[in-house]
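For reference, the structure discussed in these notes is given below.
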Amino acid sequence: MTITTTTDSVIARIPGSKSITNRALLLAAAALGPSLLRDPLVSDDTVAFREALGALGVTVTDRDGGWLVQGAGRGPHGRGRAWCADAGTAARFLPVLAATGFGTFEFDGSDQLRARPLRPLAEALGLLGAEVETGPDGGLPLTIRTTGLGGGELALDSSTSSQYLTGLLLSAPLMRSPLTVHAAGLVSRPYIDMTVALMRHFGAEVVEGTGGRIRVSASGYRATDLRIEPDASTASYVFAAAAVTGRSVTVPGLGRDSLQGDLRFVEVLRTAGARVEIGPDSTTVTGTGRLRGGFEVDMGDISDTFMTLAAVAPLADGPITVRGIGHARLKESDRIAAVAGNLRALGVTVTDGPDWITVQPGPVRPGRVDCHRDHRIAMSFSVLGLRAEGIELDDPACVSKTFPEFHQEFGRLFG
């Protein structure tokens, strides 16, 4: 296929950040008074998070194109049964909020979510004073009996997910005394940077030390409004599509001051030969007609975007190796195995290990992609489908987890 490059940039409509939306929902619920979240992501995961908050007694209503959250300034009281559906952030953030309150609270979710680990978080809550029961495999269903959390010092293994640390930090201002966490082996550091920035926006006092040490004062939150940025992880698909089709795509609202580490994906595309412009309020990626390979990259801090690169790597002019992504095996699917298996089924040569994958360039044959009910697998292989004919998704609707209008917007931009 011959690629013709263009400098006429089209504007991509990227929905709000899931990571920011769900963090902001919790922060607004923990603050005292009403907070308006403008341009939130409306998707399966964020709706599940919102409804789970409702089950804990938090009122969220639609207002002026956003969500108005009536914060109580404390953890929930009484009893509550929260259904988290497929939302890992709900299962890892909301139990801590519940534990800062008083009462008995139950959390459960889909079979896919039940398979994801929670033991480090459950153990941390136990050390802080809550009574916690997990499911037989150390995950959901989760029951918490609590009279509040005392704070103090805590060591937390963060080598498999940053979400345990995020969950503890978000609700730490509601504890009875300051919380200091030593996060050993922290992965996905940019998500913690995002969390801390949002906590400070809502008035928290957070001090970061050396060696992964973070101290949060028990000072509570203040209600405030927030506009949600476009989702940088979701933007990776249109940026990669621009790179492999020779088009130029701009995402407004996602600039150099973004809270999201996944915007660094465009620097990987720059290494692969694309032209990248990051301005104060927008980012533009332009394909050059060539996808350059022959490099290795550590994407441990931006692992939600490694699949985007791996899926288009067969189109490069040399092999591409991604390292540092072992924790991606514990996401909605084993993402390394899922990407490798699908590429092999499409005739691509792939090797992989515990925390790495290497994709060789070469022809891609038609085939059906097993999405594993994972939205990021579906969207990543949709990018490859722009250059490789005959690729079908077995579950195209799974994109509703974070981007319900993905296929329509992708067709508008690249159809």
Can residue 273 be described as at pLDDT 95 or above, part of a loop (DSSP other than H, G, I, E, B), surrounded by 16 or more Cβ atoms within 10 Å (Cβ to Cβ) and in contact with a Pro (Cβ under 9 Å, 6 or more places away or on another chain)?
-> no
Across the stretch 207-251, the tally of residues that are touching a residue at least 60 places away in the same chain (Cβ under 8 Å) and assigned to a loop (DSSP other than H, G, I, E, B) stands at 11
Given (1) over 25 Å from residue 355 (Cβ atoms); (2) touching a helix residue (DSSP H, G or I) at 6+ places or on another chain (Cβ under 6 Å); (3) among the small types (Gly, Ala, Ser), where does residue 240 come up short, assuming only one miss?
-> (1)
Can you name every residue in the stretch 211-232 that is farther than 27 Å from residue 65 by Cα and touching a helix residue (DSSP H, G or I) at 6+ places or on another chain (Cβ under 8 Å)?
-> 214, 216, 217, 218, 219, 220
Restricted to the stretch 46-71 and to residues being closer than 16 Å to residue 35 by Cα and among the polar types (S, T, N, Q), the residue surrounded by the fewest Cβ atoms within 10 Å (Cβ to Cβ) is 61
Output for the stretch 356-402, where each listed residue is more than 22 Å from residue 298 (Cα to Cα), out of contact with any strand residue (DSSP E or B) (no Cβ under 8 Å at 6 or more places or on another chain) and touching a residue at least 60 places away in the same chain (Cβ under 8 Å) | 373, 386, 387, 388, 400, 401, 402
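The values are calculated or read from the model by the stated rules, or taken from the named source; none is laboratory data. Model, not experiment: these values are computed from the prediction. Quick reminder, even Gly has a Cβ in these numbers, built from the backbone with ideal geometry, and neighbours come from all protein chains shown.
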